[in-house]
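Q: The following block contains the structure, expressed as C-alpha coordinates.
The values are calculated or read from the model by the stated rules, or taken from the named source; none is laboratory data. Just so it is clear, the structure is predicted and the values come from calculations on it, not from any experiment. When we count neighbours, we look across all protein chains shown, and the Cβ atoms used for this are built from the backbone with ideal geometry, even at glycine. With ligands, DNA and RNA removed, areas are computed over all heavy atoms of the protein, side chains included. Shrake-Rupley method; radii C 1.70, N 1.55, O 1.52, S 1.80 Å.
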Amino acid sequence: MSDLHHPNPALPGIELLEQKISRLPIKKFKWDPTNSLGSYLEMSVDMVNIEEVMKLSKAFILDKNLVGLTLLFKQFWQRFEEEVNQLPTKNFKIDPFHGFNQSATLFVQEVYVELKDIQTTIRKLEPVWTEIEQVNSVLLSEVILTKERQLLEVVESPIPEAVPLPQLVGKKDELKRGRAIRDLAVGYFQGSVLCRDWSPFLHSRLDAVIAEVDNASWWIENEHRLVRGILLKVSQSLDELLFAELQQLAEG
(Lines give C-alpha, C1' and ligand atoms only; values in the text may rest on other atoms or scores of the structure.)
Protein backbone atom coordinates (compact mmCIF):
# COMPACT_ATOMS: atom_id res chain seq x y z
CA MET A 1 0.00 0.00 0.00
CA SER A 2 3.02 2.28 0.08
CA ASP A 3 2.28 3.68 -3.39
CA LEU A 4 -1.12 5.06 -2.40
CA HIS A 5 -1.66 8.75 -1.71
CA HIS A 6 -2.65 8.42 1.91
CA PRO A 7 -4.88 11.19 3.20
CA ASN A 8 -4.14 12.79 6.50
CA PRO A 9 -5.46 10.24 9.04
CA ALA A 10 -6.94 12.89 11.31
CA LEU A 11 -10.58 11.81 11.20
CA PRO A 12 -12.09 9.22 13.53
CA GLY A 13 -12.36 5.68 12.18
CA ILE A 14 -13.46 2.30 13.42
CA GLU A 15 -12.77 3.30 17.01
CA LEU A 16 -16.21 4.95 16.78
CA LEU A 17 -17.68 1.46 16.45
CA GLU A 18 -15.93 0.45 19.65
CA GLN A 19 -17.44 3.48 21.38
CA LYS A 20 -20.94 2.68 20.11
CA ILE A 21 -20.70 -0.94 21.27
CA SER A 22 -19.43 0.19 24.67
CA ARG A 23 -22.67 2.14 25.11
CA LEU A 24 -24.83 -0.97 24.65
CA PRO A 25 -26.56 -2.32 27.78
CA ILE A 26 -24.02 -4.20 29.91
CA LYS A 27 -24.73 -7.45 31.72
CA LYS A 28 -22.39 -8.37 34.57
CA PHE A 29 -21.36 -11.99 34.61
CA LYS A 30 -20.01 -13.00 38.02
CA TRP A 31 -17.99 -16.04 38.92
CA ASP A 32 -16.11 -17.11 42.05
CA PRO A 33 -12.59 -18.24 41.20
CA THR A 34 -10.05 -19.28 43.82
CA ASN A 35 -6.49 -18.03 43.66
CA SER A 36 -3.36 -20.15 44.22
CA LEU A 37 -3.51 -19.52 47.96
CA GLY A 38 -7.05 -20.81 48.17
CA SER A 39 -8.58 -17.52 49.24
CA TYR A 40 -12.06 -16.60 47.96
CA LEU A 41 -12.27 -13.88 45.31
CA GLU A 42 -15.37 -12.58 43.50
CA MET A 43 -14.91 -11.30 39.96
CA SER A 44 -17.16 -10.11 37.14
CA VAL A 45 -16.87 -9.18 33.48
CA ASP A 46 -18.89 -6.84 31.29
CA MET A 47 -20.85 -8.67 28.61
CA VAL A 48 -22.99 -7.40 25.73
CA ASN A 49 -25.71 -9.02 23.67
CA ILE A 50 -24.01 -10.49 20.60
CA GLU A 51 -27.09 -9.95 18.40
CA GLU A 52 -27.05 -6.24 19.24
CA VAL A 53 -23.31 -6.09 18.60
CA MET A 54 -23.69 -7.62 15.15
CA LYS A 55 -26.67 -5.44 14.23
CA LEU A 56 -24.80 -2.28 15.22
CA SER A 57 -21.57 -3.39 13.55
CA LYS A 58 -23.23 -4.35 10.27
CA ALA A 59 -24.89 -0.94 9.98
CA PHE A 60 -21.56 0.73 10.75
CA ILE A 61 -19.40 -1.29 8.35
CA LEU A 62 -21.55 -1.79 5.26
CA ASP A 63 -22.34 1.14 2.98
CA LYS A 64 -25.13 0.71 0.43
CA ASN A 65 -23.87 3.78 -1.45
CA LEU A 66 -20.74 1.89 -2.47
CA VAL A 67 -22.44 -1.21 -3.87
CA GLY A 68 -21.01 -1.82 -7.33
CA LEU A 69 -17.99 0.40 -6.69
CA THR A 70 -16.08 -1.78 -4.24
CA LEU A 71 -16.44 -5.05 -2.33
CA LEU A 72 -13.92 -4.08 0.32
CA PHE A 73 -16.43 -3.08 2.99
CA LYS A 74 -18.49 -6.23 2.39
CA GLN A 75 -15.35 -8.34 2.67
CA PHE A 76 -14.37 -6.54 5.87
CA TRP A 77 -17.82 -7.28 7.31
CA GLN A 78 -17.42 -10.98 6.50
CA ARG A 79 -14.02 -11.05 8.21
CA PHE A 80 -15.39 -9.19 11.25
CA GLU A 81 -18.32 -11.63 11.44
CA GLU A 82 -15.96 -14.61 11.35
CA GLU A 83 -13.81 -13.16 14.12
CA VAL A 84 -16.76 -12.42 16.41
CA ASN A 85 -18.33 -15.85 15.83
CA GLN A 86 -15.15 -17.46 17.14
CA LEU A 87 -15.33 -15.62 20.46
CA PRO A 88 -16.51 -17.45 23.60
CA THR A 89 -20.09 -16.67 24.55
CA LYS A 90 -22.47 -17.26 27.44
CA ASN A 91 -26.21 -17.90 27.30
CA PHE A 92 -28.49 -16.02 29.66
CA LYS A 93 -32.15 -16.66 30.33
CA ILE A 94 -33.89 -13.30 30.21
CA ASP A 95 -37.41 -12.57 31.46
CA PRO A 96 -38.80 -10.14 28.83
CA PHE A 97 -41.62 -9.13 31.20
CA HIS A 98 -39.44 -8.45 34.23
CA GLY A 99 -40.81 -5.44 36.04
CA PHE A 100 -44.34 -6.04 34.79
CA ASN A 101 -45.13 -9.50 36.08
CA GLN A 102 -42.97 -10.83 38.90
CA SER A 103 -44.52 -14.30 38.65
CA ALA A 104 -43.87 -14.70 34.91
CA THR A 105 -42.31 -18.00 33.89
CA LEU A 106 -41.55 -17.14 30.27
CA PHE A 107 -37.83 -16.81 29.58
CA VAL A 108 -35.93 -15.98 26.42
CA GLN A 109 -32.39 -17.21 25.92
CA GLU A 110 -29.95 -14.53 24.79
CA VAL A 111 -26.31 -14.93 23.83
CA TYR A 112 -23.74 -12.58 25.32
CA VAL A 113 -20.08 -11.97 24.53
CA GLU A 114 -17.44 -10.31 26.64
CA LEU A 115 -17.11 -6.61 25.81
CA LYS A 116 -13.34 -6.79 26.14
CA ASP A 117 -13.19 -9.50 23.46
CA ILE A 118 -15.17 -7.35 21.03
CA GLN A 119 -12.89 -4.38 21.72
CA THR A 120 -9.83 -6.54 21.13
CA THR A 121 -11.28 -7.78 17.82
CA ILE A 122 -11.97 -4.23 16.60
CA ARG A 123 -8.45 -3.11 17.50
CA LYS A 124 -7.00 -6.16 15.75
CA LEU A 125 -8.83 -5.28 12.53
CA GLU A 126 -8.30 -1.52 12.76
CA PRO A 127 -5.27 -1.45 10.37
CA VAL A 128 -7.32 -3.31 7.74
CA TRP A 129 -10.19 -0.82 8.11
CA THR A 130 -7.82 2.14 7.84
CA GLU A 131 -6.30 0.82 4.61
CA ILE A 132 -9.75 0.12 3.14
CA GLU A 133 -10.87 3.67 3.91
CA GLN A 134 -7.73 5.07 2.30
CA VAL A 135 -8.04 2.91 -0.81
CA ASN A 136 -11.69 3.86 -1.18
CA SER A 137 -10.98 7.58 -0.74
CA VAL A 138 -8.32 7.51 -3.46
CA LEU A 139 -10.70 5.57 -5.71
CA LEU A 140 -13.50 8.11 -5.23
CA SER A 141 -11.11 10.99 -5.88
CA GLU A 142 -10.04 9.37 -9.16
CA VAL A 143 -13.69 8.84 -10.12
CA ILE A 144 -14.34 12.53 -9.52
CA LEU A 145 -11.38 13.53 -11.70
CA THR A 146 -12.61 11.25 -14.49
CA LYS A 147 -16.11 12.71 -14.34
CA GLU A 148 -14.70 16.22 -14.54
CA ARG A 149 -12.78 15.30 -17.70
CA GLN A 150 -15.99 13.96 -19.22
CA LEU A 151 -17.84 17.13 -18.22
CA LEU A 152 -15.18 19.36 -19.79
CA GLU A 153 -15.74 17.63 -23.13
CA VAL A 154 -19.26 18.99 -23.35
CA VAL A 155 -19.21 22.25 -21.38
CA GLU A 156 -16.92 24.78 -19.76
CA SER A 157 -16.74 24.49 -16.01
CA PRO A 158 -17.53 27.88 -14.51
CA ILE A 159 -16.29 28.47 -11.00
CA PRO A 160 -19.16 29.71 -8.85
CA GLU A 161 -18.64 32.18 -6.06
CA ALA A 162 -17.63 30.74 -2.72
CA VAL A 163 -20.57 29.61 -0.64
CA PRO A 164 -20.42 30.50 3.07
CA LEU A 165 -21.16 27.71 5.49
CA PRO A 166 -24.75 28.05 6.73
CA GLN A 167 -25.96 27.64 10.27
CA LEU A 168 -26.83 24.03 10.94
CA VAL A 169 -30.40 23.06 11.71
CA GLY A 170 -31.61 20.27 13.94
CA LYS A 171 -32.17 19.37 17.55
CA LYS A 172 -30.59 21.70 20.08
CA ASP A 173 -28.46 18.95 21.61
CA GLU A 174 -27.09 17.99 18.15
CA LEU A 175 -26.05 21.42 16.87
CA LYS A 176 -22.78 21.80 18.77
CA ARG A 177 -21.58 18.30 17.94
CA GLY A 178 -22.70 18.63 14.31
CA ARG A 179 -20.74 21.88 13.92
CA ALA A 180 -17.64 20.31 15.46
CA ILE A 181 -17.76 17.36 13.06
CA ARG A 182 -18.34 19.62 10.05
CA ASP A 183 -15.41 21.84 11.08
CA LEU A 184 -13.26 18.73 11.37
CA ALA A 185 -14.23 17.68 7.84
CA VAL A 186 -13.52 21.14 6.41
CA GLY A 187 -10.08 21.20 8.01
CA TYR A 188 -9.37 17.69 6.76
CA PHE A 189 -10.10 18.47 3.12
CA GLN A 190 -8.17 21.73 3.25
CA GLY A 191 -5.00 19.80 4.02
CA SER A 192 -5.68 16.50 2.27
CA VAL A 193 -3.57 15.16 -0.60
CA LEU A 194 -6.80 13.67 -1.93
CA CYS A 195 -7.58 17.07 -3.43
CA ARG A 196 -4.03 17.88 -4.50
CA ASP A 197 -4.76 17.39 -8.21
CA TRP A 198 -8.20 18.97 -8.12
CA SER A 199 -9.02 22.01 -10.23
CA PRO A 200 -10.50 25.20 -8.74
CA PHE A 201 -13.82 24.01 -10.20
CA LEU A 202 -13.71 20.75 -8.21
CA HIS A 203 -12.72 22.60 -5.06
CA SER A 204 -15.75 24.82 -5.59
CA ARG A 205 -17.94 21.71 -5.90
CA LEU A 206 -16.47 20.38 -2.66
CA ASP A 207 -17.23 23.65 -0.86
CA ALA A 208 -20.74 23.67 -2.30
CA VAL A 209 -21.69 20.15 -1.20
CA ILE A 210 -20.35 20.77 2.31
CA ALA A 211 -22.42 23.95 2.49
CA GLU A 212 -25.51 22.14 1.21
CA VAL A 213 -25.50 19.71 4.12
CA ASP A 214 -27.06 21.92 6.76
CA ASN A 215 -28.63 19.20 8.91
CA ALA A 216 -26.65 18.50 12.07
CA SER A 217 -27.92 14.93 12.21
CA TRP A 218 -26.25 14.08 8.87
CA TRP A 219 -22.83 15.06 10.20
CA ILE A 220 -23.36 13.03 13.37
CA GLU A 221 -24.72 9.96 11.59
CA ASN A 222 -21.87 10.02 9.05
CA GLU A 223 -19.05 10.87 11.44
CA HIS A 224 -17.37 7.51 10.79
CA ARG A 225 -17.53 7.92 6.99
CA LEU A 226 -17.08 11.64 6.46
CA VAL A 227 -14.51 11.42 3.66
CA ARG A 228 -16.39 8.95 1.49
CA GLY A 229 -19.71 10.56 2.34
CA ILE A 230 -18.57 13.97 1.11
CA LEU A 231 -16.67 12.57 -1.88
CA LEU A 232 -19.78 10.68 -2.94
CA LYS A 233 -21.77 13.91 -2.79
CA VAL A 234 -19.18 15.68 -4.96
CA SER A 235 -19.32 12.79 -7.43
CA GLN A 236 -23.13 12.86 -7.52
CA SER A 237 -23.14 16.63 -8.08
CA LEU A 238 -20.97 16.08 -11.16
CA ASP A 239 -23.41 13.43 -12.36
CA GLU A 240 -26.21 15.99 -12.19
CA LEU A 241 -24.23 18.57 -14.15
CA LEU A 242 -23.08 16.05 -16.75
CA PHE A 243 -26.57 14.63 -17.28
CA ALA A 244 -28.05 18.12 -17.67
CA GLU A 245 -25.52 18.94 -20.38
CA LEU A 246 -26.01 15.61 -22.17
CA GLN A 247 -29.74 16.21 -22.17
CA GLN A 248 -29.23 19.55 -23.91
CA LEU A 249 -27.03 17.90 -26.51
CA ALA A 250 -29.67 15.24 -27.15
CA GLU A 251 -32.34 17.90 -27.57
CA GLY A 252 -30.19 19.66 -30.16
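Q: Just want the answer: with Cβ charges of +1 for Lys and Arg and -1 for Asp and Glu, which residue in LEU145, PRO166, PHE189 is farthest toward the dipole's positive end in region 129-190?
A: Of the listed residues, the answer is PRO166.
Q: A further question on this structure: Once the piece of chain linking ASN215 and LEU87 is laid out straight, how much longer is it, given 0.36 nm per residue of separation minus the C-alpha distance between them?
A: Contour length minus the Cα-Cα distance gives 42.2 nm.
Q: Once you order the gyration tensor axes a ≥ b ≥ c over the Cα atoms, which shape class does region 190-252 get: rounded for a/c under 1.5, otherwise prolate or oblate by comparing a/b with b/c?
A: On the way: a/c = 2.77, a/b = 1.61, b/c = 1.72.
It comes out oblate by the Cα gyration axes.
Q: Report the full-extension gain for the segment GLU51 to LEU184: residue separation times 0.36 nm, less the Cα-Cα distance, to one decimal in nm. Don't skip to the answer; put the middle values down first.
A: Details: separation 133, 0.36 × 133 = 47.88 nm, distance 3.26 nm.
Length gained between GLU51 and LEU184: 44.6 nm.
Q: Across region 100-252, how large is the tail of the calculated P(r) beyond 23 Å, expressed as a percent of all Cα pairs? The partial results should precede the final answer.
A: Values: 6236 of 11628 pairs.
Percent of Cα pairs beyond 23 Å in region 100-252: 54.
Q: Taking all protein chains as present, what is the carbon and sulfur share of the accessible area of region 179-235, in % to the nearest whole number, probe 1.4 Å? Present the calculation step by step, with values, prior to reporting the outcome.
A: Numbers: 970 of 2120 Å².
Here carbon and sulfur together make up 46 percent of the probe-accessible area.
Q: Return the FRET efficiency for the residue pair ASP197, PHE29: r is the Cβ-Cβ distance, R0 is 51 Å, and the value is rounded to the nearest 0.05. Show your work: numbers first, answer last.
A: Numbers: r = 54 Å, r/R0 = 1.05.
Given R0 = 51 Å and the Cβ-Cβ separation, E is 0.40.
Q: Considering every Cα-Cα pair within region 144-228, what fraction, in whole percent, is farther apart than 15 Å?
A: On the way: 2209 of 3570 pairs.
The calculated P(r) of region 144-228 puts 62 percent of pairs beyond 15 Å.
Q: At a Förster distance of 22 Å, what's the computed FRET efficiency of ARG177 paired with ALA59, Cβ-Cβ distance as r, to 0.05?
A: Details: r = 19 Å, r/R0 = 0.88.
Calculated value: 0.70.
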